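For reference, the structure discussed in these notes is given below.
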Amino acid sequence: MSPIRSTTIAALASVVLAGTLTGCQFGTDDSTASPIVIAADLELSGAAAPVGKAYQRALELKVDQLNSSGALNGREIKLKVKDNRSDASESLRNIGDFSNDSQVSAIIMGGCNECAIGAVRTINEKKIPTIALATSSAVSNPVADRRYVFKLGPNAADSASALATELSRKGVRKAALLHSDDDYGREGLIALQRELDKADIKLPNKASVKVTDTDVSQQVRSLTSRRPQALIIWTPPEQATLAATASKQAGFTGSLYLDAGAAGDLFLGESAKATERATLIFTQTMAIDDVIATTPAKASRRQWFQDYTARFGGYNGASSFAADAVQLIADAQSRAGGPADKVNRDGIRDVLETSQLDGLSGPIRMTPDNHSGLMPQALTTLVARNGRWRLAG
C-alpha cells in the first residue's frame, strides 16, 4: 500500500471514529463519574472456546480504543468477563450474577444459542439490557417476550437467501446440506429449503451433526457419495473445517458453500487445501483489506481489521460483532440520560431499541419490532484463495 493511501485511510478512520463516538460525548467533564461497566458472558472453555476467545479479544480491543479516544470525557468503560464453559446452566448463573450487580449497565453474551435463549426469562425479569452474539432468531424473537434482549450477527433467513442466489448464479441444480443439530441449524434447514425451492434447486440429501461432534466424516461421506454439485455446510466454524477436510478426503469434486455461522479465522491454516475455492457468505470486514476505503465506514472497518491483526497476529470474522455491541452500549449509555453516577438500564434498553449504526460489521438497525440489528446488506460473498478469505469477483 502506498504511503499516500495509508495516510488517507488513517485520516478517514479518524473521522469516522470521531463520528461514531459523537453519541458518547457528554456535555461536561465526567471524570468523577462512575465507570460504564459492561459484563460479558463468553465461551472461553469447552466446545465453543475458539469463538469465545475471539469475542474476548475484540471486546478488550474496542474498550481500549474507546477509553483512549477521549470521547467519554473522563469516564471509562470497564469490562467484566465470565466464562460460561459453553454450558447454558453456567451461563445462566453468570447472567444472574451480572444482573444483581448494580454497577453493570448491560451484558454482552457470546455465540451460544442455548445460553442466550435459556437466559431470556432472567434477563427480562432483572430488566438488564443484553446484546447476544448468537445466531438463532429465537434469541430475539418474539420481541414482545424479549424486551431487554437484542441480537447481533447474521440471520438465518438472510444467509439462506444469499446462498441460494449464489448457487443459482453458479448454475447449481442439486445440492446436499450438512447442518448443526441445534436451533440455528434447524432454522437454517427450513430457511435454505424455502430459498432453494424458489430457485428450483434440489436438496434431496441432508444430514445433521451435534454441535459437540468432533468427527463429521461419516455424514460427509454419505452426502458426497450421492455426487451433488455442491455441499452446503451450515455448522459452527470448527465443524465446518472438519467437514471441508472430510469432503476432500472423500474425493468430493463439487463446490463447497459455507453459511455465515461457519465463519472463523481469516487464515485457513491446515484446512487451506480442503477449502480452496470454497464460498462463504459473511460480512465484508473479513476481507476488508481488499476494499478501497471510499467511505468513512469502510475506512473504519479497515482500520479495525488492521488494529486487530496488529495486536493478535490474525483476524477472526466474529470479532466485529463483539466490537459493535460495545459501541451500541456506549452510545446508548450516553443517550440514556440520568445521573452519571447511576446506571439507567431502562434508558439504555429504550435507546438500544431504536439504535442505528454503520458498524464494523455493516449497517445495524434496531426497531421496537426487530431486535436483530444486522441488515441483510451487510452480507457479501467471499471465496477462499491461497489460504485465506477474499472478496469474490
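The list [x] 162; [y] 124; [z] 193 gives values of volume of the Cα convex hull per residue in Å³, and only one came from this structure; which label was calculated from it? Only one listed value fits the structure, namely [y]. Angle of helix 183-198 to the longest C-alpha principal axis of the chain, folded into 0 to 90 degrees and rounded to 10: 60°.
Available extension along the chain between SER217 and THR354 is 44.8 nm, counting 0.36 nm per residue and deducting the alpha carbon span. For the Cα atoms of the chain, what angle does the longest principal axis make with the long axis of helix 3-20, in degrees from 0 to 90, nearest 10? Orientation of helix 3-20: about 60 degrees from the principal axis. List the lysines whose alpha-carbon lies under 20 Å from that of LYS82, not counting same-chain residues fewer than 8 positions away? Counting by Cα, and skipping residues close in sequence, LYS82 has these lysines nearby: LYS53, LYS62, LYS126, LYS127, LYS151. Accessible surface of PHE267, taken over heavy atoms with a 1.4 Å probe and every protein chain present, rounds to 110 Å². Using only alpha carbon pairs under 8 Å that are at least six residues apart, calculate the relative contact order of segment 122-205 and give it in whole percent. With pairs under 8 Å counted, the relative contact order is 28 percent. Between ARG194 and ARG365, full extension at 0.36 nm per residue minus the direct alpha carbon distance yields a gain of 59.0 nm. Here ASP259 sits with roughly 0 square angstrom of accessible surface, probe radius 1.4 Å. The modelled label-to-label distance between ARG121 and THR309, using points 7 Å beyond Cα along the C-beta direction, is 4.6 nm. From the residues GLY111, ALA54, ASN100, which one has its Cα farthest along the dipole of segment 54-149 in the positive direction, the dipole being from +1 and -1 charges on Cβ of Lys/Arg and Asp/Glu about the Cα centre? So the residue we want is ASN100.
For segment 213-219, the Karplus equation 6.51 cos²θ - 1.76 cosθ + 1.60, evaluated at θ = phi - 60°, returns couplings of 5, 10, 9, 10, 5, 5, 5 Hz by residue, with Gly and Pro reported as x. Annotation: TYR315 carries an accessible surface of approximately 10 Å², with a 1.4 Å probe and no ligand, DNA or RNA atoms counted. Here the calculated FRET efficiency for GLN103 and THR294, from their Cβ-Cβ distance with R0 = 41 Å, stands at 0.45, rounded to the nearest 0.05. Using the Cβ-Cβ distance between SER89 and ASN141 with R0 set to 22 Å, the FRET efficiency from 1/(1 + (r/R0)^6) comes to roughly 0.40. Compute the helix-to-body angle for 296-312: its Cα long axis versus the longest principal axis of the chain, expressed 0 to 90° and rounded to tens. Compared with the principal axis, the helix lies near 80 degrees. The phi torsions of segment 42-51, fed into the Karplus equation with coefficients 6.51, -1.76 and 1.60 and a -60° offset, translate into couplings of 10, 8, 9, 9, x, 4, 9, 4, x, 6 Hz, rounded to whole numbers, with Gly and Pro shown as x. On the chain, 48 percent of the accessible area sits on carbon and sulfur atoms, based on a 1.4 Å probe. About its Cα centre, the dipole of segment 142-275 is roughly 560 debye, where the only charges are +1 on Lys and Arg Cβ and -1 on Asp and Glu Cβ.
Annotation: lysines with alpha-carbon distance below 26 angstrom to LYS206 (same-chain offsets under eight excluded): LYS170, LYS174, LYS198, LYS248, LYS273. Accessible area per residue (1.4 Å probe, heavy atoms of protein chains only) ranks LYS342, LYS273 as LYS273, LYS342, with the largest value leading.
Taking every protein chain into account, the accessible area of the chain amounts to 41 square angstrom per residue (probe 1.4 Å).
The values are calculated or read from the model by the stated rules, or taken from the named source; none is laboratory data. Since this is a predicted model, take the numbers as computed values, not measurements. Ideal geometry is used to build each Cβ from the backbone, glycine not excepted, and the neighbour counts take in all protein chains shown. Accessible surface is based on the protein model in full, side chains and every heavy atom, while ligands, DNA and RNA are left aside. Shrake-Rupley method; radii C 1.70, N 1.55, O 1.52, S 1.80 Å.
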